[in-house]
Amino acid sequence: MTTATPVRGTERAVRWAELQDSARTLARRFEERSQSAYGAGEFVGENIRDLVDAGLTAINVPADLGGFEATLEENTRLLRIIAGGCGSTAFTLAIHAVLTGSMRSDLSVAVRERMFGAVRDGAFVVGPFTDEGSGGNWVRPSTTARRVPDGFVLDGLKHFATGFDAATHLVVTAGLDDAHLEPPFNLAAFFVEKPAEGIEVVAPWSGFALPMTGSHSLKLDGLRVDADDSVFPDGLTPLFVMARQQWGHYCFAAVFLGLAERAYELAVERTRGRATTAVSDLARLPGIQFAVARMRSSIATMDALLTEYATRHVDPGDDLPAFVADTCIPKYHITNEAEHVVATAFEVIGGSGIRDGSRIGQIWRDVKAGPLLPFSNDMSREFIGKATLGISPVETPRWV
Ligand SMILES: Cc1cc2nc3c(=O)[nH]c(=O)nc-3n(C[C@H](O)[C@H](O)[C@H](O)COP(=O)(O)OP(=O)(O)OC[C@H]3O[C@@H](n4cnc5c(N)ncnc54)[C@H](O)[C@@H]3O)c2cc1C
């Protein structure tokens, strides 16, 4: 494990170059590993350990706590590289990156020092938010947090707990049972060490897409957390969460852009100089050339869009709903456009892509998850459309 040290100026530039080099080396290693592990849906635990050892899980430790304090844009760059090697690893890392990157400010001093001290020393943080009853609307949890002396007791069923097997710590959400806090303002988040009891895997993950993320379903049964584990002030959690949506949207978009970029590379590699008994050079076919051109321009557009948003649309400002709508734009565009690029790459590669264990086949499966992740296509369209038309997204009734 590489312990983070304060970095400035040239030293920072050197460290940034090293981090990218490590990510490239690891991406190649992860791609090799996934050849045997993808089909069986083996969890990417070994890859996560490699990321910790390379210091790639500690990049968001704040500078005042001795860390690199990576920007949001830097996080997206690294996730794109890792996704080129393994979508499951990149998505699992993305959850940790979103939680650690977005929580550098506005936390209580105690939680902040506990979280980043642990991350600096190799901790891996996961975020089971989605509940049995909430689906993607996890600001309205069905998991409950009942007040007891000095803390809370949590009960409920969580789905999609990505990375749970590798987790050392959790940010777990639940709804406070206080009568005066109407949903979604009863939402609370707790930062805890992975509990030894009160939480268990009830349905192990076996996903069609991102099969190696270990996104199990968890039962919380009388899980005890301390009052000091509460991450945000009571009643304000949904607002703090919304003000951090850029992290989720841009980091998730980065994973699916990374998958599209790798699909494009594979299509070009497979085609260049390849001859069949019917065609002397597949690259000379106009259909292949046009497909390559479409993929290349689409990737260049996604790259520009994500870079623009991850550098210039990161500050929530005063109009929170408008900001959230803004952050939906690259997530919505890129996760859907990435599917088109991957489908085109599949067509260019041809029938060999269907073979069991092909890398393009893995990417084709993984890329399907993008539009389903929050905010899903429908929720993104609703937020963007309402913001454009001057309608508040929290106004009720919502549709009539
Ligand atoms: C591989 C993978 C890993 C994941 N990892 C995590 C994780 O680590 N932590 C975590 O908390 N979650 C995780 N999730 C869950 C994810 O964050 C979403 O919560 C989940 O995919 C959406 O919930 P759902 O599928 O139950 O859909 P639902 O929310 O039930 O939605 C079903 C349909 O209804 C539409 N819909 C629902 N609500 C609205 C609305 N308000 N407005 C408009 N349309 C709506 C949706 O767009 C969708 O078409 C993961 C999901 C996947 C696929």
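Which residue out of ALA123, ALA110 is surrounded by fewer than 24 Cβ atoms within 10 Å (Cβ to Cβ) and in contact with a strand residue (DSSP E or B) (Cβ under 6 Å, 6 or more places away or on another chain)?
Numbers: ALA110 fails: in contact with a strand residue (DSSP E or B) (Cβ under 6 Å, 6 or more places away or on another chain).
When all the criteria are applied, what remains is ALA123.
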Count of residues meeting criterion [away from the ligand (no atom under 16 Å from the Cβ) and not in a helix (DSSP H, G or I)] in segment 68-115: 9
Restrict the check to segment 69-81 and report whether at least one residue is at pLDDT 95 or above, surrounded by fewer than 23 Cβ atoms within 10 Å (Cβ to Cβ) and among the polar types (S, T, N, Q). yes
If the Cβ limit is 7 Å and pairs must be 6+ apart or interchain, which residue in segment 197-209 that is in the same structural domain as GLY156 (by TED's automatic domain parsing) pairs with which residue that is modelled with pLDDT of 95 or more and surrounded by fewer than 14 Cβ atoms within 10 Å (Cβ to Cβ)? GLY198/GLY222
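Pick from VAL348, VAL314, VAL292: which is among the aliphatic types (A, V, I, L, M) and under 24 Å from ALA94 (Cβ atoms)? Don't jump to the end; show me each part of the working.
Details: VAL348 fails: under 24 Å from ALA94 (Cβ atoms); VAL292 fails: under 24 Å from ALA94 (Cβ atoms).
None of the other options fit; the residue is VAL314.
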Quick one: which helices (runs of 4 or more DSSP H) sit completely within segment 307-400 and have at least 2 residues that are touching a strand residue (DSSP E or B) at 6+ places or on another chain (Cβ under 6 Å), at negative phi and without any contact (Cβ under 8 Å) to a residue 12 or more places away in the chain? none
Which listed residue is of a type outside the set (A, V, I, L, M, F, W, C), at pLDDT 95 or above, within 19 Å of SER230 (Cβ to Cβ) and assigned to a loop (DSSP other than H, G, I, E, B), from PRO141, PRO195: PRO195
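Whether any residue in segment 296-317 is within 15 Å of the ligand (Cβ to nearest atom) and buried (at least 22 other Cβ atoms within 10 Å of the Cβ) is what I want to check. Step through it out loud before you land on a result.
Start the filter on segment 296-317 by keeping residues that are within 15 Å of the ligand (Cβ to nearest atom), which leaves none.
No, segment 296-317 has no match at all.
Residue-wise test of (1) assigned by TED's automatic domain parsing to the domain that holds THR173; (2) crowded, with 16+ Cβ neighbours inside 10 Å; (3) touching a residue at least 60 places away in the same chain (Cβ under 8 Å); (4) of a type in the set (D, E, K, R).
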residue: PHE116; (1), (2), (3), (4): no, yes, no, no
residue: VAL119; (1), (2), (3), (4): no, yes, yes, no
residue: PRO128; (1), (2), (3), (4): no, yes, yes, no
residue: ASP131; (1), (2), (3), (4): no, yes, no, yes
residue: GLY136; (1), (2), (3), (4): no, no, yes, no
residue: VAL139; (1), (2), (3), (4): no, yes, yes, no
residue: VAL148; (1), (2), (3), (4): yes, no, yes, no
residue: VAL153; (1), (2), (3), (4): yes, yes, yes, no
residue: LEU157; (1), (2), (3), (4): yes, yes, yes, no
Test for PHE232: is it in contact with a helix residue (DSSP H, G or I) (Cβ under 8 Å, 6 or more places away or on another chain) and without any contact (Cβ under 8 Å) to a residue 60 or more places away in the chain: no
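Can you name every residue in segment 50-67 that is touching a residue at least 24 places away in the same chain (Cβ under 8 Å) and in a helix (DSSP H, G or I)?
Once the filter is applied, which keeps residues that are touching a residue at least 24 places away in the same chain (Cβ under 8 Å) and in a helix (DSSP H, G or I), segment 50-67 yields ASP50, LEU51, VAL52, ASP53, ALA63, LEU65.
The values are calculated or read from the model by the stated rules, or taken from the named source; none is laboratory data. Since the model is a prediction, treat every value here as computed from it, not as a measurement. Don't worry about glycine lacking a Cβ; one is built from the backbone with ideal geometry, like all the others, and counts go over all protein chains shown.
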